[in-house]
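Down below is the structure, laid out as structure tokens.
The values are calculated or read from the model by the stated rules, or taken from the named source; none is laboratory data. Computed from a predicted model, the values in this text were never measured in an experiment. Because the Cβ atoms are built from the backbone with ideal geometry, glycine has one as well, and the counts that use them run over all protein chains shown.
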Amino acid sequence: MTTNTNNQAKQQAINALEKVYINPASLVSYRSSGFVLIVATSIEQAHSIASQLGTDFTLYYLLRNQTGENNNNITYGNLTSIGGYLGSFEISAQVNNENKILMAEGKYFDIVLDLIGEVKTAVVPPFGYYTLNENTNNIKEVLAEVNQLIGMLDKPKFLNLDTSLCVHSRNKTDLCQRCIDACPADAIRSNGDHVEANINLCHGCGGCSSACPTGAISYAYPTIDDQAKKMHSLMDAYLSAGGTSAKILFHSAGNLTLLPDIAENILPIALEEIGCLGLESFLYAFCLGAESVIVHCANEPTQTLQALDKQTNLTHKILSSLGYNFNTSFVQLVEENSKISDGITPLSNTIGMIDLYNKRMRIFAMIDFLYHRLNKNTLSQCDFTVDDDAYFGEVLIDKKLCTLCMACTSVCPTESLSSGNINTPVINFQESLCVQCGLCVKSCPENAMQLNARLVFNDQRRSDKRILNQDEPFKCIDCGKVFGSTQVVKKMMEKLKGHSMFTGNKLTNLEKCEDCRVKALFK
């Protein structure tokens with residue numbers, strides 16, 4: 001009976017999923033005029049590939065370790081570097097002991113077919129670049145794809161970047177490069193205080209969006225909101241129809257057939273790339289009543305698998321620390337023919353749609369939902385230690401060292417650290433905003449600060465501002481104007497006592513505001 005019910009519920013869930021409106025993606029356009037560079041060891045090797053290309057292409061050859069007279073279409077030399085992407089490849093080669101830029105009729109090459117493959121490229125090479133050698137099993141399929149690469153070509157714009165949320169760097173101090181490390185296509189690079197994304201190089205692998213601590217980088221196809229709509233519609237329809245033991249299966253579009261047996265309680269959701277999945281998606285699946293999440297990882301780059309593994313481990317730590325104890329993994333990363341394990345006991349009371357604009361707010365909303373429905377007596381702890389790169393935690397201050405100079409509050413990129421006004425020397429801290437970037441620690445002249453990576457479950461403790469340090473305001477001994485904290489003035493007097501410029505009564509000038517110090521010079 002359960003099998004039939006689940007089958008019927010699954011069909012209703014799939015029908016509901018098909019009705020979810022997905023916002024269309026912006027497009028990235030490429031223009032290819034059909035200029036193809038074939039890199040080979042001999043003209044015979046190059047011709048074996050060239051003969052399979054259409055007549056609309058103009059072919060050029062770079063032949064390694066060969067001698068001969070260079071002409072418009074054949075260059076004898078060694079490939080040294082490749083830059084660019086489909087329609088705009090910048091090719092450098094060593095020709096006659098000189099490094100030269102190769103061009104096609106004065107233009108960049110549109111497509112590169114590398115039959116040697118010795119030049120280093122990104123793990124996921126740019127669109128339009130193909131390595132073809134004896135280890136390439138699908139040469140016919142690749143060349144069939146190449147034959148389509150002429151004229152105007154479009155692909156989805158996979159990511160959005162909001163530099164106002166980016167905490168990559170401040171004051172020439174490197175802070176966060178999670179997205180750079182997660183990108184297998186080398187499409188994200190440093191650009192001053194922020195990162196920049198080359199949308200022409202982006203393959204939409206998605207690891208950047210799941211790794212970003214602030215939501216500065218977000219996945220755009222589908223957006224996290226559209227993905228949430230799909231998950232909610234699927235689970236709501238399935239459970240409303242009496243379905244039980246729901247497992248959500250995320251898979252890349254076109255890869256579902258690689259999994260042999262899809263049970264009646266496994267609900268598939270196709271994504272452009274599974275790398276966009278992370279803590280948000282996994283927690284939301286649990287809050288919607290799923291007993292497990294299955295992520296089908298077929299031929300994914302190492303960076304994508306590493307990012308998914310980190311997000312999976314963090315999800316399990318959070319659920320376990322919240323008291324949802326289980327002997328199996330809630331999130332299962334599977335490959336072809338992998339056995340799917342049983343899930344955990346699903347929630348009976350589920351969450352609705354989460355419509356919050358901020359990534360951290362969405363994560364905390366789900367944690368709050370799980371936290372408040374628990375019997376707090378069974379909760380093992382109110383907070384727990386996370387890995388240093390998990391972007392949650394607090395800042396600790398050694399009050400004996402801190403002078404309240406406010407260097408930390410002036411540089412904090414997320415405003416988790418804030419100061420009072422000039423009359424109240426105080427350092428406030430809001431833990432929900434802290435991404436553990438460490439700029440405050442690096443900026444502190446007294447070495448009074450340190451980070452403590454953790455996640456606090458109580459929303460009030462996490463969201464309320466608390467005082468890390470405070471001091472009495474120091475008033476000018478001449479006019480009474482407040483110009484700093486007592487600690488700062490005392491520290492200056494201790495350090496400069498005995499200095500030749502502050503002998504005798506001159507030391508008291510440090511107890512005066514800037515205006516009264518100037519007046520003292522003319523007395």
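Numerical summary
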read-out	value
Test result for ASN6, of a type in the set (S, T, N, Q), in contact with a strand residue (DSSP E or B) (Cβ under 7 Å, 6 or more places away or on another chain) and either at pLDDT 95 or above or outside any strand (DSSP E or B) (or both)	no
Wholly enclosed helices (runs of 4 or more DSSP H) of the range 122-230 bearing at least 1 residues in contact (Cβ under 8 Å) with a residue 40 or more places away in the chain and within 13 Å of the chain's Cα centre (by Cα)	178-182, 207-211
Extreme residue, farthest from LEU279 (Cα to Cα), among residues of the range 405-427 that are of a type in the set (S, T, N, Q) and loosely packed, with under 15 Cβ neighbours inside 10 Å	ASN423
Sole residue being over 30 Å from MET361 (Cβ atoms) and not basic (Lys, Arg), chosen from ILE467, ILE427, ILE477	ILE477
Enumeration of residues in the range 473-507 that are at pLDDT below 85 and either among the β-branched types (Val, Ile, Thr) or closer than 13 Å to THR424 by Cα (or both)	VAL482, PHE483, GLY484, SER485, THR486, GLN487, VAL488, THR503
Single residue of SER320, SER338, SER348 found to be modelled with pLDDT under 80 and not basic (Lys, Arg)	SER338
Complete set of residues in the range 392-404 that are under 33 Å from the mean Cα position of the chain (by Cα) and surrounded by 18 or more Cβ atoms within 10 Å (Cβ to Cβ)	PHE392, GLY393, GLU394, VAL395, ILE397
Single unsatisfied condition, SER410 versus (1) in a loop (DSSP other than H, G, I, E, B); (2) farther than 29 Å from ALA290 by Cα	(1)
Only listed residue being under 21 Å from LEU314 (Cα atoms) and crowded, with 21+ Cβ neighbours inside 10 Å, chosen from LEU455, LEU451	LEU455
Single residue of ALA13, ALA93 found to be assigned by TED's automatic domain parsing to the domain that holds SER245 and touching a Ser or Thr at 6+ places or on another chain (Cβ under 9 Å)	ALA13
Some residue of the range 88-101 being in a loop (DSSP other than H, G, I, E, B) and either buried (at least 17 other Cβ atoms within 10 Å of the Cβ) or on the phi < 0 side of the Ramachandran plot (or both)	no
Scan of the range 495-504 for residues that are over 49 Å from the mean Cα position of the chain (by Cα) and under 27 Å from LEU401 (Cα atoms), ordered by number	LYS497, GLY498, HIS499, SER500, MET501, PHE502, THR503
Top-ranked residue of the range 144-188 - restricted to ones that are at positive phi and out of contact with any strand residue (DSSP E or B) (no Cβ under 8 Å at 6 or more places or on another chain), ranked as surrounded by the most Cβ atoms within 10 Å (Cβ to Cβ)	ASP186
Any hit, the range 500-522, residues being in a loop (DSSP other than H, G, I, E, B), basic (Lys, Arg), outside the structural domain of CYS212 (by TED's automatic domain parsing) and surrounded by fewer than 17 Cβ atoms within 10 Å (Cβ to Cβ)	no
Those residues of the range 421-477 which are free of Cβ contacts under 8 Å to residues at least 12 places away in the same chain and assigned to a strand (DSSP E or B), in sequence order	LYS475
